Amino acid sequence: MAEAYIVEAVRTAGGKRGGALKDWHPADMAAEVLDALVERSGVDPAAVEDVIMGCVGQAGEQSFHVGRNAVLASKLPESVPAVTIDRQCGSSQQAVQFAAQAVMSGTQDVVIASGVESMTRVPMGLPFTLPAEHGIGTGPFSKRIQDRFGVKMFSQFIGAEMIAEKHGFTRDELDRFALESHRKAAAATQAGAFSDEIVPLQVEGAEHRTDEGIRYDATIEGISSVKLLKEGGRISAANASQICDGASGVLVISERALKEHGLKPLARIHNLTVTAGDPVIMLEEVIPATRRALQRSGMTIDEIDLYEVNEAFAPVPLAWLRETGADPDRLNVNGGAIALGHPLGASGTKLMATLVHALKSRGKRFGLQTMCEGGGIANVTIVENLA
């Protein structure tokens with residue numbers, strides 16, 4: 001079978017809601033990532049055959065096909081096509097998988113997988129709330145769906161509480177996991193671990209290079225003092241992912257294009273998996289998805305050197321660790337979304353950029369990335385370091 005390779009992987013540093021990136025139009029922010037991928041790799045911009053861009057909030061400035069608009073705002077020629085996709089939080093991870101499938105099928109040789117989300121300029125849930133405020137329609141979940149699953153609304157917050165209760169995690173366990181996310185992210189930043197993956201953006205005459213959400217002085221007392229989202233619950237804003245602005249992307253190419261353009265790969269894509277399950281508890285699907293990915297690749301969890309499991313809520317990676325038997329020391333080694341932010345549609349390629357660079361810097365071979373997604377879906381991607 002033909003192979004797919006990652007040649008370059010980059011991301012912007014995360015911006016807090018209303019923070020450093022608040023004045024960046026999402027199409028322009030994404031364009032900076034597209035330009036960086038081409039410039040850093042040295043590939044001919046006209047050789048890019050498609051841009052696949054993940055985005056969840058496809059309204060306002062992210063409406064009317066933000067993927068194509070990012071191309072038009074970039075230095076890529078207008079002959080480069082694009083498509084915008086929504087697989088909720090896994091949108092740009094799915095972009096990687098679609099790009100890899102295009103390359104592995106022989107249909108295309110040079111494809112950019114990317115994602116963008118300005119959660120400041122297009123608030124979370126806007127595609128749902130805006131029509132509701134104007135009395136348009138009845139919402140995304142028809143009565144048939146509601147009757148089938150016995151709920152009026154699917155909620156990731158409720159799903160996270162359900163996972164914490166099912167697996168018996170206490171609030172203290174969730175808060176301590178959150179504290180470690182900040183500590184790891186702070187240590188990684190101070191050590192320059194993100195320097196090769198970050199695309200600097202100009203902000204008020206300076207370069208934005210550092211993730212804004214990291215709390216360098218985080219304490220368990222401070223995290224534990226944050227109000228719970230539900231009375232009697234275990235989830236708070238402090239042990240959940242941060243709202244974040246950002247863009248990210250990876251350049252996926254074929255073996256033929258490697259030779260043609262004289263490029264050196266960072267990684268080879270080893271396995272592509274996506275599964276779906278219970279849409280109510282929703283966020284637990286990363287566990288069966290990982291099991292399937294390992295089974296299909298003929299690997300065990302111990303053969304994977306680093307894991308990136310999105311920290312949408314602390315119980316998700318904690319449940320994943322418990323059920324897969326994975327080594328906690330290999331999980332989110334540079335921190336996760338609790339500290340670094342979760343820019344929804346950009347998070348998939350953001351995590352992939354961090355994973356391939358971490359494999360390279362640590363001299364490790366295999367990495368696994370998985371992302372819980374709205375609707376009870378999960379993607380898993382396994383890569384092999386070649387750098």
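The values are calculated or read from the model by the stated rules, or taken from the named source; none is laboratory data. Note that this is a predicted model, so its numbers are computed, not measured. Because the Cβ atoms are built from the backbone with ideal geometry, glycine has one as well, and the counts that use them run over all protein chains shown. What goes into the accessible areas is simple: the full protein's heavy atoms, side chains included, and nothing from ligands, DNA or RNA. Shrake-Rupley method; radii C 1.70, N 1.55, O 1.52, S 1.80 Å.
Values as computed for the structure displayed
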item: Helical contribution to [θ] at 222 nm, DSSP H n ≥ 4, -39,500 (n - 2.57), averaged over the chain, rounded to 500; result: -11000 deg cm²/dmol
item: Extreme residue, positive dipole direction of the range 23-72, given options Val33, Asn69, Ala46 (C-beta unit charges); result: Asn69
item: Sequence ranges 335-341, 20-26, ranked by mean other-Cβ count within 10 angstrom, highest first; result: 335-341, 20-26
item: Selection from Cys244, Ile145, Gly262 lying farthest towards where the dipole of the range 127-280 points positive, charges on Cβ; result: Ile145
item: Potential extension, Leu72-Glu221 segment - 0.36 nm per residue separation minus Cα distance; result: 48.9 nm
item: Three-way shape call for the range 137-254 based on the alpha-carbon gyration tensor, with the a/c threshold at 1.5; result: oblate
item: Average Cα contact separation per residue, the chain, under 8 Å, 6 or more apart, as relative contact order %; result: 28 percent
item: Unsatisfied cross-links (Cα-Cα over 27 Å) in the set Lys264/Lys350; Lys166/Lys230; Lys184/Lys259; Lys22/Lys166; Lys75/Lys184; Lys75/Lys364; result: Lys184/Lys259; Lys22/Lys166; Lys75/Lys184; Lys75/Lys364
item: Relative contact order (percent, whole number), the range 31-151, Cα cutoff 8 Å, 6+ residue spacing; result: 29 percent
item: Additional length obtainable on full extension of the chain from Ala276 to Thr138, 0.36 nm per residue less Cα span; result: 47.2 nm
item: Dipole of the range 305-387 [Lys/Arg +1, Asp/Glu -1 at C-beta], most positive-end residue of Cys372, Ile382, Ala353; result: Ala353
item: Sequence-separation-based contact order of the range 311-380, relative, with Cα cut under 8 Å and 6+ spacing, percent; result: 24 percent
item: Cα-projected label distance for Arg209 with Arg148, points at 7 Å along beta-carbon direction, nm; result: 5.1 nm
item: Rough spin-label spacing in nm, given labels placed 7 Å along Cα→Cβ, for Glu323 and Ser105; result: 3.0 nm
item: Gain upon complete extension [Ala237, Ser79; 0.36 nm per residue less C-alpha separation]; result: 52.5 nm
item: Gyration tensor (alpha-carbon) shape descriptor, the chain, a/c threshold 1.5; result: rounded
item: List Thr84, Thr138, Thr381, ordered by accessible area with a 1.4 Å probe, largest first; result: Thr138, Thr84, Thr381
item: In range of the label at Lys264: residues from the range 8-22 whose backbone nitrogen is under 17 Å from the point 7 Å along Cα→Cβ; result: 8-9
item: Residues with amide H under 5 Å from that of Asn271, placed H, sequence gap 5 or more; result: Ile382
item: The chain - percent of accessible surface contributed by carbon and sulfur, probe 1.4 Å; result: 50 percent
item: Residue-normalised accessible area of the range 73-206, given per residue in Å² at a 1.4 Å probe; result: 50 Å²
item: J(HN,Hα) series, the range 80-94, from Karplus relation 6.51 cos²θ - 1.76 cosθ + 1.60, nearest Hz, glycine and proline x; result: 7, x, 8, 9, 10, 10, 10, 10, 6, 4, x, 4, 7, 5, 5
